[in-house]
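What follows draws every value from the coordinates through simple rules; no lab data is involved. These numbers were taken from a predicted model, which means no experiment stands behind them. All Cβ positions, glycine included, derive from the backbone under ideal geometry; neighbour counts span all protein chains shown.
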Amino acid sequence: MSVFSEEQLAYLSERRLGRLATIGPDGVPHLVPLGWTYNPALDTIDVGGHDFARTRKFRNVRGNPRVALVVDDVLPPFRPRCVMIRGHGDALDDAADADGQPTGPIIRITATEVISWGPGSLLGRLARAGSGYRAGQLPSASTSNDSSLNLRCSSRPSRNCLASASSGS
């Protein structure tokens, strides 16, 4: 079973630009826009590119595997949508894609937390690996189609994700 809901995978399949956050050796975040692919065989996000093993993001993941990837857009007039993937990145010198073809150096992201928000079916989707939540399932919260959902999550397993609905008034 995927950590991503069907709606999240559909949204991600339409997008190719994301923003990857890594942590440098000095503890300072490094944030860059980049291309990525979903690997359905492993349920991971794979990030690669030209001369990739020499990039700061690749070196950062070698030193600290905590990463986040945001894929987002904005619908008019101003309705943002987003899938945020937090997890563990592996800086691999040699890897293969879902079809077994060599990719060269990549960062392979295994999601530990997936949060999405925005209009339509993405509203309030949450999945946490190992949390007991299934993809697309919410912790207790009652919402309507016209509500906006605010999610606050802790990366510590002992803390719960909190979801609260508020009317847009």
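Treating each Cα of the stretch 1-72 as an identical point scatterer and ignoring solvent, apply the Debye formula and state log10 I(q)/I(0) at q = 0.26 Å⁻¹.
-1.25
Using the 10 angstrom Cβ neighbour count as an exposure proxy, how do ILE45, ILE23 rank, fewest first?
With the fewest neighbours first, ILE45, ILE23 line up as ILE23, ILE45.
Take ASP43, project a point 7 Å from its Cα along the Cβ direction, then tell me which residues of the stretch 65-100 have their backbone nitrogen under 15 Å from it.
From the stretch 65-100, the list is 86-88.
Normalised radius of gyration for the stretch 6-139, please: alpha carbon Rg relative to 2.2 N^0.38 Å, two decimal places.
That ratio works out to 1.06.
For the stretch 31-81, what's the radius of gyration and Dmax over Cα atoms, in angstrom?
13.9, 41
Quick one: Karplus J couplings for the stretch 33-47, per residue in order, coefficients 6.51, -1.76, 1.60, θ = phi - 60°, nearest Hz, x for Gly and Pro?
x, 6, x, 7, 9, 8, 9, x, 5, 10, 6, 10, 9, 10, 10
If I model a spin label at HIS88 and LEU31 as a point 7 Å from the Cα along the Cα→Cβ vector, what separation in nanometres do I get?
2.6 nm
Using modelled backbone amide H atoms (1.01 Å from N, in-plane), which distant-in-sequence or interchain residues come within less than 5 Å of ASP43's amide H?
When sequence neighbours closer than 5 places are left aside, there are no close amide H contacts.
With no solvent and one point per C-alpha, what does the Debye sum give as log10 I(q)/I(0) for the stretch 54-106 at q = 0.17, 0.22, 0.29 Å⁻¹?
Taking Cα atoms of the stretch 54-106 as identical point scatterers yields -0.71, -0.88, -1.07.
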